[in-house]
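The block underneath contains the structure these notes are about, expressed in structure tokens.
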Amino acid sequence: MQLSRRRFLHTAGGAAAAAAIAPTVTGCNHSAQRNSTESNEKVVLPTHIRFNGATPDLAATDSGVQPGFLRYPANPQPCTHGKPGNGGSVSAMIAIYSAAPPGPSKNKYWAALNDALGVDVKLQMVLAGNMSEKLAVTIAGDDIPDVVQLVGNVPNTPQLLAAKFAPITEYVSGDAVKDYPLLANLTQEQWKTTVYNGEIYGLPIPRERAGNIMYRRDDIFHTLGVNPEPKSYSEFADVCKQLTNEKSHRWAIGNWGGLIAFIQQMLGAPNSWQEKNGKFTSAYEVDSYKQALSDATALVKAGYVHPDSFEDNAPTKDWFGGGTTPMNFDNYTAWTGYIASYKPQSPEMDVNGMFPPDYDGSTKAVIFRGNPSYSTAIFRKAKPARIKELLRIANYLASPFGTQEYITRRWGVQDVDFTMKNGNVTLTSRGTAEDINSVGYIADAPMALYEPGHPEETKKEHAYQLKAVPMTVPNPTIGLFSNAYSTKNATLSTLLTDAQTQILQGHKPVSSWDDTMKEWRAQGGDAIRKEYEQGFAKSH
């Protein structure tokens, strides 16, 4: 799968931070011994109690389909009581992906949230690509905020947590989480990602099962008379051919990594790793990967992939939004961004998701399930009263869609940061500038489908998920920890990406992938595999 720049920065930063973090935490090697899958499996995860708030227009399902709302519910009700904070301040280090907003003295959104929480929230907003380096500096200086967003693959995570951060097992394990009912709304699948050293550390920042989607521009498909639902790889290749017209500055797709992943899904490939009888095989090692790589190479050679797709930071979203590439493989959360960013200028834009077809009738297509948590919000070691205060604040921030609290946390101050008419929220220019929605990296609620002013989009998203979510397959390494992965994955990702692009651009034959796999195993792949297998064995 293509290594995005965001992913590269996280993994590369993790490798650079390893040396800085390791000396600080190596004195706690006993934690590494306690961080066995056997001990982690004994942890009683928080009881899951779904929050029954506003009734959605489109129902959620137990399989993981998100609820859909065609408009924000009228007369939203509160879901918390009083201010969760005790006064004073709470510091947090979180990632951002754009310029930092103004501080609370010039930001009514931020000031309103502070007032609702009953504390002065002091945010250290760090560009996402710098988070690992910032964490290393923070740990080395022992100047740790109350809450830290742990994102990406941080080396020596068990030791780091044991040395510097507070386990919260006693406060949230089992029925104890009922003291924080909105945190109980998170699933055990999500909580499982926070377990290390036989303890629960911090809060999962939830994500849903839908995974990545091959988005398509149905308006362009319709205009060109192209079949939006191919039934085989062969038909998909024909779709790519029909969409491509270089003279019209149009190519089928611009994301080469997503193209490979989509073909893998047609072939029923494993999601990152395959586990059989306790033995782990990387998705890069199975025959289906070479087949997907070969097919993608043929499509590149045929001219169906945007010629600039191999450039760093290729603007694949803009290509899709502008119609230059009528297909784009992207995260399920991108649907909202496409509607908000491009539909105002192109009202004809009709976005939908394409399902991977069975490759040739001999395999059953799958969809790779998304990771249950994007990151973890961990708490600095503190007295029980302080931990409980942080959990109350997190409980507020996890207020779900349809509540009064969600409005304050998500959009700010009505008629200043946003307007609401007939249940449709519209951000003002001030609201866009003041946005501090990154507080969702301290705590967040399970997501809901909602496209303000575009209920037809919500209906399409929900209809897509009803079919897609049952097709998803999980990554079997979720809940297992490999320090070799954390420390070596940046180097391995670069090795794989270089080999992929060399093959796709015709500089090396597909057969050279065998040599790449030998090098991958020697440089760390086998070490990662061994750690996953050892962890898996101790829990079965």
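Going by what's in this entry, would SER429 be described as open to solvent by 20 Å² or more (accessible area, probe 1.4 Å), among the polar types (S, T, N, Q) and in contact (Cβ under 8 Å) with a residue 60 or more places away in the chain?
Numbers: open to solvent by 20 Å² or more (accessible area, probe 1.4 Å): yes; among the polar types (S, T, N, Q): yes; in contact (Cβ under 8 Å) with a residue 60 or more places away in the chain: no.
For SER429, the condition - open to solvent by 20 Å² or more (accessible area, probe 1.4 Å), among the polar types (S, T, N, Q) and in contact (Cβ under 8 Å) with a residue 60 or more places away in the chain - is not met.
Hey, can you tell me all the residues within the range 182-239 that are among the basic types (Lys, Arg) and either under 26 Å from LEU480 (Cα atoms) or out of contact with any strand residue (DSSP E or B) (no Cβ under 9 Å at 6 or more places or on another chain) (or both)?
LYS192, ARG207, ARG209, LYS231 - these are the residues of the range 182-239 that are among the basic types (Lys, Arg) and either under 26 Å from LEU480 (Cα atoms) or out of contact with any strand residue (DSSP E or B) (no Cβ under 9 Å at 6 or more places or on another chain) (or both).
Could you list, ordered by first residue, the pairs with Cβ atoms under 8 Å in which the first is in the range 218-232 and in contact (Cβ under 8 Å) with a residue 24 or more places away in the chain and closer than 16 Å to ASP358 by Cα and the second is part of a loop (DSSP other than H, G, I, E, B) and open to solvent by less than 40 Å² (accessible area, probe 1.4 Å), at least 6 apart or interchain?
GLU229/PHE355; GLU229/PRO357; PRO230/PRO357; LYS231/PRO357; SER232/PRO357; SER232/TYR359
Return the residues of the range 146-185 that are assigned to a loop (DSSP other than H, G, I, E, B), open to solvent by less than 20 Å² (accessible area, probe 1.4 Å) and more than 23 Å from SER399 (Cα to Cα); say none if nothing qualifies.
Once the filter is applied, which keeps residues that are assigned to a loop (DSSP other than H, G, I, E, B), open to solvent by less than 20 Å² (accessible area, probe 1.4 Å) and more than 23 Å from SER399 (Cα to Cα), the range 146-185 yields VAL154, PRO155, ALA166.
Consider the range 74-125. How many of its residues are part of a loop (DSSP other than H, G, I, E, B), polar (S, T, N, Q) and within 23 Å of ARG430 (Cβ to Cβ)?
So the count comes out to 2.
Just give me the residues in the range 305-323 being of a type outside the set (D, E, K, R), surrounded by fewer than 21 Cβ atoms within 10 Å (Cβ to Cβ) and either under 23 Å from PHE355 (Cβ atoms) or out of contact with any His (no Cβ under 8 Å at 6 or more places or on another chain) (or both), in sequence order.
Correct list: PRO307, PHE310, ASN313, PRO315, GLY322, GLY323.
Could you please tell me which pairs satisfy a Cβ distance under 7 Å, a separation of 6+ or placement on different chains, a first residue in the range 377-390 that is at pLDDT below 95, and a second residue that is of a type in the set (Ser, Thr, Tyr) and open to solvent by 10 Å² or more (accessible area, probe 1.4 Å)?
Pairs that qualify, where the first residue is at pLDDT below 95 and the partner is of a type in the set (Ser, Thr, Tyr) and open to solvent by 10 Å² or more (accessible area, probe 1.4 Å): there are none.
Is it the case that some residue within the range 216-230 is within 28 Å of the chain's Cα centre (by Cα) and open to solvent by 40 Å² or more (accessible area, probe 1.4 Å)?
Yes, the range 216-230 contains a residue that is within 28 Å of the chain's Cα centre (by Cα) and open to solvent by 40 Å² or more (accessible area, probe 1.4 Å).
Within the range 235-261, work out how many residues are among the hydrophobic types (A, V, I, L, M, F, W, C) and free of Cβ contacts under 8 Å to residues at least 12 places away in the same chain. Explain how you work it out, then say what you get.
Going through the range 235-261, the residues among the hydrophobic types (A, V, I, L, M, F, W, C) turn out to be 236-237, 239-240, 243, 251-253, 256, 259-261.
In the following step, the residues that additionally are free of Cβ contacts under 8 Å to residues at least 12 places away in the same chain were identified as none.
Result for the range 235-261: 0.
Using the structure shown, decide if ASP115 is open to solvent by 10 Å² or more (accessible area, probe 1.4 Å) and modelled with pLDDT under 95.
Numbers: open to solvent by 10 Å² or more (accessible area, probe 1.4 Å): yes; modelled with pLDDT under 95: no.
No; evaluated as a whole, the condition is false for this residue.
In the range 194-215, which residue that is outside any loop (DSSP other than H, G, I, E, B) and open to solvent by 10 Å² or more (accessible area, probe 1.4 Å) is farthest from SER173 (Cα to Cα)?
ASN212
Select, from ALA302, ALA296, the only residue that is buried (at least 20 other Cβ atoms within 10 Å of the Cβ), hydrophobic (A, V, I, L, M, F, W, C) and over 20 Å from the mean Cα position of the chain (by Cα). It would help to see each step written out before you state the result.
Values: ALA302 fails: buried (at least 20 other Cβ atoms within 10 Å of the Cβ).
After ruling out the rest, the residue left standing is ALA296.
Considering only residues that are under 25 Å from the mean Cα position of the chain (by Cα) and buried (at least 20 other Cβ atoms within 10 Å of the Cβ), which ones fall in the range 97-108? Even if it seems obvious, please write down each step before you answer.
Step one: filter the range 97-108 for residues under 25 Å from the mean Cα position of the chain (by Cα), giving 97-101.
Once the filter is applied, which keeps residues that are under 25 Å from the mean Cα position of the chain (by Cα) and buried (at least 20 other Cβ atoms within 10 Å of the Cβ), the range 97-108 yields only PRO101.
Taking the options GLY254, GLY303, name whichever one is of a type in the set (Gly, Ala, Ser), at positive phi and at pLDDT 95 or above.
GLY303
Check whether at least one residue in the range 241-258 is open to solvent by less than 10 Å² (accessible area, probe 1.4 Å), of a type in the set (A, V, I, L, M) and in a helix (DSSP H, G or I), and report yes or no.
Among the residues of the range 241-258, at least one is open to solvent by less than 10 Å² (accessible area, probe 1.4 Å), of a type in the set (A, V, I, L, M) and in a helix (DSSP H, G or I), which makes the answer yes.
Since PRO67 meets every condition but one in (1) surrounded by fewer than 20 Cβ atoms within 10 Å (Cβ to Cβ); (2) within 19 Å of THR458 (Cβ to Cβ), which condition does it not meet?
Of (1) surrounded by fewer than 20 Cβ atoms within 10 Å (Cβ to Cβ); (2) within 19 Å of THR458 (Cβ to Cβ), only one is false for PRO67: (1).
Among the residues that make up the range 221-230, is at least one of them at pLDDT below 95 and small (Gly, Ala, Ser)?
No, the range 221-230 contains no residue that is at pLDDT below 95 and small (Gly, Ala, Ser).
TYR332 is checked against (1) in contact (Cβ under 8 Å) with a residue 60 or more places away in the chain; (2) out of contact with any strand residue (DSSP E or B) (no Cβ under 7 Å at 6 or more places or on another chain); (3) crowded, with 18+ Cβ neighbours inside 10 Å and fails just one. What number does that condition carry?
Just one mismatch for TYR332, condition (2).
What helices (runs of 4 or more DSSP H) completely inside the range 448-540 contain at least 3 residues that are touching a residue at least 12 places away in the same chain (Cβ under 8 Å) and open to solvent by 30 Å² or more (accessible area, probe 1.4 Å)?
Qualifying helices (runs of 4 or more DSSP H): 455-468, 483-504, 526-538.
The values are calculated or read from the model by the stated rules, or taken from the named source; none is laboratory data. Every value quoted in this text rests on a predicted model; they were computed, and no experiment measured them. A quick note on method: Cβ atoms are made from the backbone with ideal geometry, for glycine too, and the neighbour counts reach across all protein chains shown. When the accessible area is computed, the model is the full protein with side chains, heavy atoms only, and any ligands, DNA or RNA have been set aside. Shrake-Rupley method; radii C 1.70, N 1.55, O 1.52, S 1.80 Å.
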